[in-house]
Amino acid sequence: MRFTESPLAGVYTIDLEPRGDDRGFFSRVFDVDEFEAHDLETRFVQFNTSFSRVKHTFRGMHYQLGESAEVKVVKVIRGALLDVVLDLREGSPTFGRSFSAELTSENRTMMYIPHGCAHGFLSLTEDVEMMYFVSAYYDPENERSVRWDDPTFDVSLPFEPALISPKDAAARDFDPAWHLGRQS
């Protein structure tokens with residue numbers, strides 16, 4: 001695996017190193033020793049999958065607060081998507097900045113999203129399926145979301161979302177007290 005740090009500290013793209021022959025290939029998507037060597041999370045409690053039927057479906061920008069904050073590792077297994085990370089870590093020199101990368105079933109690139117960052121993705125093809133590892137269980141009490149087009153941030157998408165859930169579309173404007181957990 002090749003780990004490339006993004007402009008956001010602690011956010012990585014991970015490129016797999018397939019070993020192949022005439023039959024196809026083999027590649028690791030997770031290795032405790034390699035993740036530890038980069039000071040990355042190695043304990044994951046769930047492996048999830050998400051499927052988006054419609055091209056330009058947007059999901060996000062989601063994250064959780066406190067003890068429920070998640071690390072995510074995202075990999076596309078069919079189609080292509082733009083994976084987006086927004087730094088919401090208080091005190092981070094890149095607070096409010098975003099980073100995105102195209103993850104496809106062909107490039108097999110994965111995204112590592114640390115605690116304190118919001119995550120979203122835009123399907124670039126029809127019938128996109130992705131899987132992701134999470135380090136914490138879903139906790140609705142500590143769930144937060146930021147609209148992808150909140151003017152406080154620099155999140156940029158190459159296409160206007162064709163489909164977005166009512167919940168994601170109605171995410172409240174950024175309020176540091178609520179979004180960063182300074183109040184209930």
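Computed from the coordinates by the stated procedures, all read-outs in this text should not be read as laboratory data. Remember, it's a predicted structure, so these values are computed and weren't measured experimentally. With ideal geometry, Cβ positions are generated from the backbone for all residues, glycine too; neighbour counts draw on all protein chains shown.
When chymotrypsin sites (Phe, Trp or Tyr not before Pro) are flagged only if DSSP places them in a loop and at most 15 other Cβ atoms lie within 10 Å, the longest unflagged stretch of the chain comes out as 31-94. Distance from a point 7 Å along Cα→Cβ of Asp175 to each backbone N in the stretch 80-116: keep the residues under 16 Å and list them by number. Counting only backbone N, you get no residues.
Here is the list for the stretch 37-90: GluC sites (Glu not before Pro) lying in DSSP coil, each with at most 16 other C-beta atoms within 10 angstrom of its C-beta, are Glu90.
Could you work out [θ]222 nm for the chain from helices alone, using -39500 (n - 2.57) per DSSP H run of at least four and dividing by all its residues? Round to the nearest 500 deg cm²/dmol. Helix-only estimate at 222 nm: -1500 deg cm²/dmol. With the alpha-carbon atoms of the stretch 44-179 aligned to their principal axes, the span from lowest to highest coordinate is 39, 32, 28 Å, starting with the largest. Neighbour counts of C-beta atoms inside 10 Å place His62, His38 in the sequence His38, His62, starting with the fewest. Could you list the trypsin sites (Lys or Arg not before Pro) in the stretch 97-184 that lie in coil according to DSSP, counting only those with at most 12 other Cβ atoms within 10 Å of their Cβ? Passing sites in the stretch 97-184 are Arg172, Arg182.
Comparing mean-square fluctuations of Met131, Met111, Met61 from a GNM of the chain with C-alpha springs under 10 Å, the top value falls on Met131. Calculation over all alpha carbon pairs of the stretch 36-107 in 10 angstrom steps from 0 returns a P(r) of 14, 43, 36, 7 percent. Assuming charge only on the beta carbon of Lys and Arg (+1) and of Asp and Glu (-1), the dipole of the stretch 44-179 about its Cα centre is about 300 debye to the nearest 20. Rounded to the nearest 0.05, the FRET efficiency derived from the C-beta distance between Phe25 and Phe159 at R0 = 35 Å is 0.65.
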